[in-house]
Amino acid sequence: MNMTDWIYFVLGTAVVASPMVLLVLLGLASLSSIDLPENAISKLTNASLTIGLLAAGAILALMISQGNPSVPLDFGNWVSIPDQHYHFAIKFTFDRLSMPMLLLSLLLCSVVASFTSRYLHREPGYRRFYLLYAVFLLGMVVSSLAGTIETLFFGWEMVGLSSALLVAYFHERENPVVNGLRVWSIYRLSDAAFLVAAITMHHLTGAGDFAAFAGEGVWPAGQAALSSHHATLVGVLLLIAAAGKSALVPFSGWLPRAMEGPTPSSAIFYGSLSVHLGAYLLLRVSPIIDASLTVQILTVLIGLTTAVFASIMSRVQSDIKGSLAYASLTQVSIIVVEIGLGFRYLALLHIVGHACLRTLQLLRAPSLLHDYHTLENAIGNESHEQAALHKQPWFLRYASMKAQRIVFRFGVERGFMDQALDVWVMKPFVSTFRYFDSLERKWTDWISREPSRESDAAEHHPESIERTAS
C-alpha cells in the first residue's frame with residue numbers, strides 16, 4: 001500500500017468510524033444507566049459529524065486533485081461459503097454518486113442535530129432521540145458508501161429501524177405506536193424484496209459487488225452483467241424495495257403517519273434523506289434498469305402515478321407536516337421518473353436540492369403558522385381572500401362540484417391505499433397463516449390424543465381468539 005492509498009484508507013475509515021463510535025458511546029451510556037447531560041450528548045454528536053465532514057472533504061479534495069473518479073475501501077470477506085460460491089464482503093466506494101450523498105447526509109444531519117439540541121431541550125426522551133439518531137446517521141453513511149449490496153442492505157436496515165422507532169417516539173400515546181408499527185410493516189415488505197434481489201444476484205453473478213452485476217466502470221458508466229430477463233426479475237424486486245422505502249404507490253399511506261414523530265426526525269427522515277434512499281438505490285443499480293425496457297417503463301409509470309396522487313393529497317391535508325410530506329413525495333416521484341428516463345445526473349442534483357429545501361421547510365414548520373397568522377392579522381383578511389380566489393387551480397375553476405367532491409374525498413382518504421393494502425395484502429396473509437395455525441393445532445392434537453389449550457380456547461371462545469389476532 002503506497003502513501004496515497006494509506007491516506008485514503010485512514011480518511012475513509014474515519015468517515016465510517018465517527019458515527020460508529022458515537023453510537024457505541026451513546027449505547028453504552030444507555031445500557032449502563034449513565035446519565036449523560038444534554039450538553040455532553042450534543043457535543044459528542046457535533047464532534048462525530050465534524051470529524052466525518054472533515055474526512056469526507058479531504059477525500060473529495062484528494063480525488064479532485066488527482067483526477068481519481070473512484071476510491072474503493074475494502075475490509076475483506078466476513079462470510080465465505082465456497083460450496084455455494086457465496087461471500088459477504090464489507091466494501092465502501094467513494095465515487096461520483098456516493099460522495100454527494102455522503103456530504104449531503106453529514107451536512108443535513110449537522111443542521112438537524114444543532115436544531116434538536118434546542119428543540120428537545122429538557123424533553124424526557126432527549127437521550128433516546130440522540131441514540132436512535134446515531135443509528136440513523138451510521139445507517140446513512142453506510143448506505144451512501146456501500147460498495148456491495150449486502151453492505152447497502154445493512155445500512156438500509158439501520159435507517160428503517162431508527163425511522164420506525166422515532167415515529168413511535170411519543171410512545172405514551174397510542175397513535176404514534178400504531179403508526180410506527182405501520183411504517184415498520186411496510187419496511188418489512190420492501191426489505192424482503194431487497195433481500196430476495198440480493199440473493200438472486202448472488203446466484204446469477206456469484207458476487208454482491210455492484211461492479212460485478214451493475215457493470216464495470218465508474219458510475220454512471222457501465223452495463224449490467226445480466227441478461228434482459230434476469231435484469232427484469234432483479235429490477236422489479238429492487239423497484240419494490242425502493243417503492244416501500246420512498247413511499248411510492250402503492251405504499252404511500254405510511255408517509256403522513258410518519259409525521260407523528262418529533263419535527264427533527266420528520267425533517268431528516270421524510271424531508272431529506274430517508275425518503276430519498278429508494279431513489280438512491282435505483283441510481284446505484286441504474287445499469288440494471290437500463291438493461292430492461294420493462295423495468296424502465298414500470299419505473300416511469302410508478303413515478304408518474306405517485307406524482308399525481310401525491311399532488312392531489314398534498315392539497316387537502318389539514319396539517320402542515322402532512323402537506324409537506326406529500327409535497328416531498330411529489331418531488332421524489334419526479335426524481336424516480338428522471339431515473340427511469342436515464343437522466344442520472346439530473347436526478348442526483350434534484351435529490352440534493354430538494355433535500356436541502358425540504359429540511360429547512362420542515363424545521364420551520366412549527367413556527368410558520370404562528371408567523372402566518374400574525375402577517376394575516378396585519379394585512380387583513382379581505383385582501384388575503386381576494387388574492388386566494390385569483391390563485392385557484394384550473395380544476396377548481398372548471399370542474400363540476402360533484403367532480404370536486406370525488407377528488408377531495410380521494411385525497412382525504414389518501415387514495416384508499418391503506419385500505420387496499422389491508423384488504424388485498426394483509427387480510428389474505430393473516431387468513432393464510434391462521435389456516436396453517438389451525439392445521440398445526442389439529443395435527444398436534446391428533447398426535448397427543450387430547451386437545452391443546454389453544455384449540456380449546458378457539459372452540460369455546462372464538463371471538464376472543466379473533467380479537468387477539470386482530
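Any read-out appearing in this document is the output of simple, stated calculations on the displayed coordinates, not a laboratory observation. Keep in mind that this is a model prediction, so the values were computed, not measured. A quick note on method: Cβ atoms are made from the backbone with ideal geometry, for glycine too, and the neighbour counts reach across all protein chains shown.
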For this session: Answer rounded, prolate or oblate for region 1-144, using the Cα gyration tensor with square roots of eigenvalues a ≥ b ≥ c: rounded when a/c is under 1.5, else prolate when a/b is larger than b/c, else oblate.
Result: oblate
Seminar exercise, completed: To the nearest 0.05, the calculated FRET efficiency linking L62 and C356 through their beta-carbon distance, R0 being 30 Å, is 0.75
Exercise. Per 10 Å bin, what percent of the C-alpha pairs of region 140-280 does each bin hold, from zero upward?
Worked result: 12, 40, 30, 14, 4, 0
Problem set entry | Length released on extending from A403 to E450, taking residue separation times 0.36 nm less the Cα-Cα span | 10.8 nm
Exercise. What residues have an amide H closer than 5 Å to that of I90, excluding those fewer than 5 places away on the same chain, when H is modeled at 1.01 Å from N in the peptide plane?
Worked result: F75, G76, W78
Exercise. ³J(HN,Hα) across region 25-41 via Karplus (A = 6.51, B = -1.76, C = 1.60, θ = phi - 60°), whole Hz, x for Gly/Pro?
Worked result: 5, 5, x, 5, 4, 5, 5, 8, 6, 6, 8, 5, x, 4, 4, 5, 4
Problem set entry | Dipole moment magnitude, nearest 20 debye, region 52-134 about Cα centre, only Lys, Arg, Asp, Glu C-beta charged | 460
Exercise. If you take the beta carbon distance between A420 and H229 as r and set R0 to 25 Å, what does 1/(1 + (r/R0)^6) give as a FRET efficiency, to the nearest 0.05?
Worked result: 0.25
Problem set entry | For the chain, calculated [θ]222 nm from helices alone, where every DSSP H run of n ≥ 4 adds -39500 (n - 2.57) | -24000 deg cm²/dmol
Seminar exercise, completed: Env charge @ G271, Cβ radius under 14 Å, K,R +1 / D,E -1, value +3
For this session: Kindly write out, for region 93-109 in residue order, the coupling ³J(HN,Hα) from the Karplus curve 6.51 cos²θ - 1.76 cosθ + 1.60 (θ = phi - 60°), rounded to whole Hz, with x marking Gly and Pro.
Result: 10, 9, 9, 5, 8, 6, 5, x, 5, 5, 5, 4, 4, 5, 5, 5, 5
Problem set entry | Coordinate range along principal axes, alpha carbons of the chain, Å, largest first | 82, 70, 56
Seminar exercise, completed: For A225, the residues 5 or more places away or on another chain with a placed amide H closer than 5 Å to its own amide H are A214, G215
Exercise. Once you list every other residue whose beta carbon is under 11 Å from the beta carbon of L195, what net charge do they have if Lys and Arg are +1 and Asp and Glu are -1?
Worked result: -2
For this session: Please find the FRET efficiency linking V79 to V412, where r is the Cβ-Cβ separation and R0 is fixed at 41 Å, and quote it to the nearest 0.05.
Result: 0.25
For this session: Express in whole angstrom the spacing between the alpha-carbon centres of region 415-448 and region 32-109.
Result: 42
Seminar exercise, completed: Projected onto the charge dipole of the chain (unit charges on the beta-carbon of Lys, Arg, Asp and Glu, signs +1, +1, -1, -1), the Cα from F210, P250, V10 with the largest positive-side position is that of P250
For this session: Any chance you could count the Lys pairs in the chain whose alpha carbons are under 27 Å apart, treating pairs 8 or more apart or on different chains as valid?
Result: 6
For this session: Write out the trypsin sites (Lys or Arg not before Pro) in region 23-114 meeting two conditions: DSSP loop, and at most 14 other Cβ atoms within 10 Å of their Cβ.
Result: none
Exercise. Given H placed on each backbone N at 1.01 Å, which residues far from A146 in sequence or on other chains put an amide H within less than 5 Å of it?
Worked result: T93
For this session: DSSP loop (so not H, G, I, E, B), at most 14 other Cβ within 10 Å: list which GluC sites (Glu not before Pro) in region 152-225 pass both filters.
Result: E172, E216
